[in-house]
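This report refers to the structure that appears directly beneath it.
The values are calculated or read from the model by the stated rules, or taken from the named source; none is laboratory data. The model shown is predicted, which means the values in this text are computed figures rather than measured ones. Counting neighbours? That spans all protein chains shown, and the Cβs are built from the backbone with ideal geometry, glycine included.
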Amino acid sequence: MVDGLLKGLGVSEAAFTNGGYPIHTPIDGSQIASVTLESKATVAQKIDLAHQAFLAWRDVPAPRRGELVRVFGEVLRKNKEQLGELVSVETGKIFQEGLGEVQEMIDICDFAVGLSRQLYGLTIASERPGHHMRETWQPLGVVGVISAFNFPAAVWAWNTTLALVCGNSVLWKPSEKTPLTALACQALFEQAIKIFGSAPEGLSQLIIGDREAGEVLVDDPRIPLISATGSTRMGREVGPRVAARFGRTILELGGNNAMILAPSADLDLAVRGILFSAVGTAGQRCTTLRRLIVHRSIKDEVVARVKAAYAKVRIGDPRKDNLIGPLIDKQAFESMQGALSKARDEGGQVFGGERQLKEQYPNAYYVAPAIVEMPGQSEVVRHETFAPILYVLTYDDFEQALRLNNEVPQGLSSCIFTLDVREAERFQSASGSDCGIANVNIGTSGAEIGGAFGGEKETGGGRESGSDSWKAYMRRQTNTVNYSRELPLAQGIVFD
């Protein structure tokens with residue numbers, strides 16, 4: 001199923017056939033490859049090499065570093081179809097979403113190339129005569145990237161392209177569930193390096209490993225920054241361990257994203273927004289819509305419309321003309337069923353959520369998306385379940401809607417559908433949504449690379465991709481130059 005794709009993308013056959021760790025596709029549950037998990041000793045060797053690569057790369061002018069990223073973007077353009085199909089096979093997301101993920105990689109390459117000529121500092125007025133001050137940004141070191149299965153390529157690209165133009169080297173540990181896409185990305189990057197011609201060995205390396213490999217990255221003081229994407233549980237372990245050695249983290253963790261649906265909303269637009277945000281990637285996005293906070297006066301109509309839309313959704317092989325592919329594995333299915341059972345116990349009315357296509361795919365886990373009408377924001381609603389479950393809550397006044405939006409531990413993405421400018425502006429104000437992303441008349445999913453991506457509270461507080469997130473990959477330095485023949489002290493101190 002993947003041999004031709006991997007070879008076409010430049011991956012050696014030995015890399016995906018000779019290992020002892022089996023890789024299965026969620027499409028039908030069959031084994032499609034086997035890889036070798038790297039030992040702690042191997043990871044340590046790669047850290048050594050990455051550190052040496054950084055020492056050389058930091059002295060390369062930033063626009064030249066950007067040229068490597070530009071070349072990589074061109075390599076991605078030439079291989080977009082094949083890499084998008086591999087993403088679909090390995091994750092179970094539909095082909096269009098696989099293509100979208102690769103396009104996101106291309107877009108961040110373009111962004112990073114422009115950034116390579118815009119790593120601006122500041123000029124600061126000095127209080128001392130004959131002095132000037134400035135603030136500069138310097139390369140940081142080795143950047144460790146730990147990514148999750150649901151976006152097996154884009155998250156790495158967000159981090160790596162920015163890290164490279166900022167003068168750093170990169171070590172990437174992908175999810176054990178999706179190492180094949182990582183192997184392909186690494187092979188394509190190595191193609192770009194050959195075209196570029198003068199990058200140090202070990203500038204960007206791949207680590208195929210389990211939890212132990214990740215722990216080596218997290219604990220090594222030669223890696224000043226760990227960017228980790230995954231569950232809140234994972235973040236609770238990674239964050240303190242990196243902080244204990246005074247390292248930095250970018251944490252992209254759980255999301256429990258809500259839509260406030262106001263009485264004035266364009267319901268046709270809103271239902272379309274609900275559909276993609278709630279069931280795209282089979283509910284396995286950190287920005288998936290999980291809570292619909294709808295005004296009581298329109299609740300029945302909205303729920304009926306969403307149910308009708310769900311009934312028309314095509315479920316099946318993501319490479320074919322379907323809109324929902326499978327969950328990643330059995331564990332994800334059992335987690336979903338457990339959440340639905342708990343929702344019933346807490347007074348919820350469940351529509352959908354059943355396993356689909358079991359006879360055709362006995363070893364794969366396709367599900368109908370679920371709608372759960374809840375009497376209140378109970379414990380199960382406050383917990384993120386990585387599956388297509390949409391909890392429906394009602395509100396009577398706007399203040400109540402805002403409280404429901406904010407009264408969960410997570411704070412990634414949020415949105416409101418309204419034609420009332422006062423509600424829209426309040427939602428995006430300091431006293432509105434407490435999330436890192438707050439949209440108006442657009443769903444919670446589908447962020448663009450131009451804006452910094454990330455959230456608050458248990459989402460981790462990190463930011464990746466656009467805006468000024470590049471500063472996370474650099475160290476700030478304040479410089480003062482005395483061009484006079486005197487040595488005045490700051491604050492007017494006299495020390496004779």
- Could you tell me whether the range 392-401 includes any residue that is part of a loop (DSSP other than H, G, I, E, B), in contact (Cβ under 8 Å) with a residue 60 or more places away in the chain and in the same structural domain as Pro263 (by TED's automatic domain parsing)? yes
- Task: Considering every residue within the range 17-25, establish whether at least one is in a helix (DSSP H, G or I) and assigned by TED's automatic domain parsing to the domain that holds Ile108.
- Result: yes
- Residue satisfying all of: in the range 226-273; farther than 30 Å from Val143 by Cβ and within 21 Å of the chain's Cα centre (by Cα); surrounded by the fewest Cβ atoms within 10 Å (Cβ to Cβ) among these: Gly273
- Mind telling me which of the residues Ala187, Ala199 ends up being in a helix (DSSP H, G or I) and surrounded by fewer than 24 Cβ atoms within 10 Å (Cβ to Cβ)? Ala187
- Task: Kindly list the number of the only condition in (1) more than 18 Å from the chain's Cα centre (by Cα); (2) not assigned by TED's automatic domain parsing to the domain that holds Leu55 that fails for Pro221.
- Result: (2)
- Taking the range 140-162 on its own, how many of its residues are in contact with a Leu (Cβ under 8 Å, 6 or more places away or on another chain) and either of a type in the set (A, V, I, L, M) or on the phi > 0 side of the Ramachandran plot (or both)? 8
- Query: Which residue pairs have Cβ atoms closer than 8 Å, lie 6 or more positions apart in sequence or on different chains, and pair a first residue in the range 302-317 that is in the same structural domain as Ala262 (by TED's automatic domain parsing) with a second residue that is in a loop (DSSP other than H, G, I, E, B) and of a type in the set (S, T, N, Q)?
  - Reply: Arg314/Asn322; Ile315/Asn322; Gly316/Asn322
- The listed residue being more than 30 Å from Ser88 (Cβ to Cβ), part of a strand (DSSP E or B) and in contact (Cβ under 8 Å) with a residue 12 or more places away in the chain, out of Ile226, Ile298, Ile260, Ile250: Ile260
- Given the conditions (1) out of contact with any Ser or Thr (no Cβ under 6 Å at 6 or more places or on another chain); (2) surrounded by 22 or more Cβ atoms within 10 Å (Cβ to Cβ), report the number of the one that Phe276 does not fulfil. (2)
- Query: So which of Ala387, Ala368, Ala364 is of a type in the set (Gly, Ala, Ser), surrounded by 23 or more Cβ atoms within 10 Å (Cβ to Cβ), more than 24 Å from the chain's Cα centre (by Cα) and closer than 26 Å to Gly98 by Cα?
  - Reply: Ala364
- Query: Hey, among the residues in the range 26-62 that are in a strand (DSSP E or B) and not polar (S, T, N, Q), which one's farthest from Lys173 (Cα to Cα)?
  - Reply: Ile32
- Message: Among the listed residues Val494, Val408, identify the single one that is assigned to a loop (DSSP other than H, G, I, E, B), in contact with a Lys or Arg (Cβ under 6 Å, 6 or more places away or on another chain) and either farther than 29 Å from Ala163 by Cβ or assigned by TED's automatic domain parsing to the domain that holds His131 (or both).
- Response: Val408
- Task: Would you check which residues across the range 454-475 are part of a loop (DSSP other than H, G, I, E, B) and among the charged types (D, E, K, R) and list them?
- Result: Glu458, Arg463, Asp468
- Options Gly446, Gly451, Gly353, Gly432: the member that is outside the structural domain of Ala304 (by TED's automatic domain parsing) and in contact with a helix residue (DSSP H, G or I) (Cβ under 9 Å, 6 or more places away or on another chain): Gly446
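Taking the range 88-141 only, how many residues are small (Gly, Ala, Ser), part of a helix (DSSP H, G or I) and over 30 Å from Asp329 (Cβ atoms)?
Within the range 88-141, residues that are small (Gly, Ala, Ser), part of a helix (DSSP H, G or I) and over 30 Å from Asp329 (Cβ atoms) number 2.
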- Task: Could you tell me which of the residues Ser429, Ser378 is within 20 Å of Gly283 (Cβ to Cβ), out of contact with any Cys (no Cβ under 7 Å at 6 or more places or on another chain) and surrounded by fewer than 19 Cβ atoms within 10 Å (Cβ to Cβ)?
- Result: Ser378
- Query: Going through the range 416-453 one residue at a time, which ones are in a strand (DSSP E or B) and either over 28 Å from Trp156 (Cα atoms) or touching a Pro at 6+ places or on another chain (Cβ under 6 Å) (or both)?
  - Reply: Ile416, Phe417, Val440
- Query: Among the residues of the range 142-158, is any more than 17 Å from the chain's Cα centre (by Cα) and either buried (at least 24 other Cβ atoms within 10 Å of the Cβ) or assigned to a loop (DSSP other than H, G, I, E, B) (or both)?
  - Reply: yes
- Note on the structure: Exception for Ile32 within (1) surrounded by fewer than 16 Cβ atoms within 10 Å (Cβ to Cβ); (2) under 30 Å from Gln356 (Cβ atoms) falls at (1)
